[in-house]
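K.L.:
Sharing a structure here in structure tokens format.
The values are calculated or read from the model by the stated rules, or taken from the named source; none is laboratory data. None of the values given here were measured: they were computed from a predicted structure. Note that we place each Cβ from the backbone using ideal geometry, even for glycine, and neighbour counts take in every protein chain shown. Ligands, DNA and RNA are excluded from the accessible area calculation, which covers all protein heavy atoms including side chains. Shrake-Rupley method; radii C 1.70, N 1.55, O 1.52, S 1.80 Å.
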Amino acid sequence: MPYTAEHALRSRKDFPALQKRHGVHELAYLDGPGGSQVPAAVVEAIADVYATCNVNTHGSFPPSHEVDRRMQGAREAVATFLGAVSADCISFGQNMTTLNYSLSHAIGRTLKAGDGDGDGDEVLISELDHEANRGPWLALRERGIRVQEVRLLESGVLDYDDLAAKITPRTKLFALGASSNSLGTVNDIALARRLTREVGALLLIDAVHYAPHFPVDVTSLDADFLLCSAYKFYGPHVGVLYSKPGALDRLPTDRLRVQDPASPYRIETGTLNHAAIHGVHAAIDYLAGWGTGSTLRERLVDAMTGIGEYEHRLAREYHDGVRRIRGVRVWGPDFGTRARAPTVSITLDEHTPAAVATALGSQGLCVWDGDFYAARVVEVLGLAQRGGLLRTGISMYTTESDVRRLLSAIEQLC
Ligand SMILES: Cc1ncc(COP(=O)(O)O)c(C=O)c1O
């Protein structure tokens, strides 16, 4: 089912935050890559846990059975959202960064440090990635593991020749973002999978910026691990880890001896945020409501395809409009292919990104400036000393009028 401008307008009624104003201005949330707003159904689902089953799991009394049922329901919904074969592949955590650190601790223990002759195990990351998919792996250098980085080109695309040269039989893991939260680039995951498979390396995908804009299918991606964050796809602040069946069971995770050693619990430390996790389930059901099909998976794929196409069209409109404004430079790949997230970053010749974001913010136009924690990207592009980038993200509730307002406000500043 196509998702149209009319659907976007209709969706706005579902989001309580979108009904608020900033003085005389309507609020245009163009900050989706930093986090999306939540529909009322998600707020209600979270509140309902506190109202009905705010107890711990695995008890012998009815409210505890209820929270067990909701946790399992959420795992099943996330498994369906990601195309996983079973709920046992889905672990929850505080956020993506924390889960990725837990994984790097565990995987790091299985790697062999080199003795300086280049004979140790290696991990590969990219210069395009968010620090959450770099820092946890760079930390392995302290254990003597060589961490290599795939170069980022000025075009905003990874240097695939450099990738091919840096994947060798010593590479044990490649941690790669599916899509860049700063430039909107969509990486060639199929190539990454082919090259990692050839050398027997694990492939870990950071899908935090990808999952809100494309249907995800972990089975066809053949990821060993995939991480995402529900607060980017209209849910609450919960991190999600998909592990291929068997992949987590072999890992020496940080774990209390009383904790269930089976997957997916093996990497979940302490008590989880049950209410928020039930909210993730509500966000997935909400998204599925925009699709058609006879199964939840079919509805989700249909909805995410339609929403993604709508966002792509609108982002392209903004991209085409903003690049025509004199004094604006647009960064990142263009919109020639569908393999492009609806996130557009620019710089202005005469103003810093922070000054522009502040001026836009005062008109209710919510956009981010800086490096968005993808610090290496702005370093490579030579923008670190100039305040980074000004980033606009398109979400399912963004309208043409939001984009027009943004374009005319930027034009007035130039
Ligand atoms: C691409 C990407 N990866 C990872 C993260 C970190 O996610 P979290 O805030 O859940 O730790 C973000 C957050 O902005 C992101 O955009």
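K.L.:
Kindly provide the set of residues from the stretch 139-160 that are among the aliphatic types (A, V, I, L, M), within 24 Å of ASN100 (Cα to Cα) and open to solvent by 40 Å² or more (accessible area, probe 1.4 Å), ordered by number.
P.N.:
VAL157 - this is the single residue of the stretch 139-160 that is among the aliphatic types (A, V, I, L, M), within 24 Å of ASN100 (Cα to Cα) and open to solvent by 40 Å² or more (accessible area, probe 1.4 Å).
K.L.:
How do the pairs read when you match residues in the stretch 20-33 that are outside any strand (DSSP E or B) with residues anywhere that are exposed (fewer than 14 other Cβ atoms within 10 Å of the Cβ) and not small (Gly, Ala, Ser), using Cβ under 9 Å and keeping only pairs 6 or more apart or on different chains?
P.N.:
Taking only residues 6 or more apart or on different chains, the pairs are LEU27/LYS20; LEU27/ARG21.
K.L.:
Could you list, in sequence order, all residues of the stretch 118-136 that are part of a loop (DSSP other than H, G, I, E, B), within 10 Å of the ligand (Cβ to nearest atom) and either in contact with a helix residue (DSSP H, G or I) (Cβ under 7 Å, 6 or more places away or on another chain) or open to solvent by less than 10 Å² (accessible area, probe 1.4 Å) (or both)?
P.N.:
Across the stretch 118-136, the qualifying residues are LEU128, ASP129, ARG134.
K.L.:
Write out, first by first residue and then by second, each pair whose Cβ atoms fall under 7 Å of each other, whose residues are 6+ apart or on separate chains, and whose first residue, in the stretch 85-103, is without any contact (Cβ under 8 Å) to a residue 60 or more places away in the chain while the second is within 12 Å of the ligand (Cβ to nearest atom).
P.N.:
Taking only residues 6 or more apart or on different chains, the pairs are TYR101/PRO136.
Residues checked against (1) in contact with a Ser or Thr (Cβ under 6 Å, 6 or more places away or on another chain); (2) outside any helix (DSSP H, G or I):
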| site | (1), (2) |
| --- | --- |
| LEU360 | no, no |
| ASP369 | no, yes |
| TYR373 | no, yes |
| VAL377 | yes, no |
| GLN385 | no, no |
| LEU390 | no, yes |
| TYR397 | yes, yes |
| SER401 | no, no |
| LEU406 | no, no |
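K.L.:
Identify, please: which residue in the stretch 48-68 is surrounded by 12 or more Cβ atoms within 10 Å (Cβ to Cβ) and without any contact (Cβ under 8 Å) to a residue 12 or more places away in the chain and is, among those, nearest to LEU300 (Cα to Cα)?
P.N.:
Restricting to residues being surrounded by 12 or more Cβ atoms within 10 Å (Cβ to Cβ) and without any contact (Cβ under 8 Å) to a residue 12 or more places away in the chain, the top hit is ASP68.
K.L.:
Could you say whether any residue in the stretch 176-191 is part of a helix (DSSP H, G or I) and under 19 Å from PRO342 (Cα atoms)?
P.N.:
Looking through the stretch 176-191, at least one residue is part of a helix (DSSP H, G or I) and under 19 Å from PRO342 (Cα atoms).
K.L.:
Quick check on my filter: what residues within the stretch 164-188 are away from the ligand (no atom under 16 Å from the Cβ) and within 22 Å of the chain's Cα centre (by Cα)? Working first, answer last.
P.N.:
Of the stretch 164-188, the ones away from the ligand (no atom under 16 Å from the Cβ) are 164-173, 188.
Across the stretch 164-188, the qualifying residues are LEU173, ASP188.
K.L.:
Looking at LEU163 and the list (1) in a helix (DSSP H, G or I); (2) over 30 Å from PRO261 (Cα atoms); (3) open to solvent by 50 Å² or more (accessible area, probe 1.4 Å); (4) not acidic (Asp, Glu), which single condition is not satisfied?
P.N.:
(3) is the only condition that LEU163 fails.
K.L.:
Which residue, of VAL42, VAL78, is part of a helix (DSSP H, G or I), within 16 Å of the ligand (Cβ to nearest atom) and at pLDDT 95 or above? First the steps, then the outcome.
P.N.:
Numbers: VAL42 fails: within 16 Å of the ligand (Cβ to nearest atom).
The conditions single out VAL78.
K.L.:
If you take the residues in the stretch 332-352 that are open to solvent by less than 10 Å² (accessible area, probe 1.4 Å) and not β-branched (Val, Ile, Thr), which one is nearest to the chain's Cα centre (by Cα)?
P.N.:
ALA341
K.L.:
Here is a follow-up. Residues that are in a strand (DSSP E or B) and farther than 18 Å from PHE174 by Cβ: does the stretch 221-233 have at least one? Give the derivation first.
P.N.:
Step one: filter the stretch 221-233 for residues in a strand (DSSP E or B), giving 225-229.
Next, only the ones that are farther than 18 Å from PHE174 by Cβ stay: 229.
The answer is yes; a qualifying residue exists.
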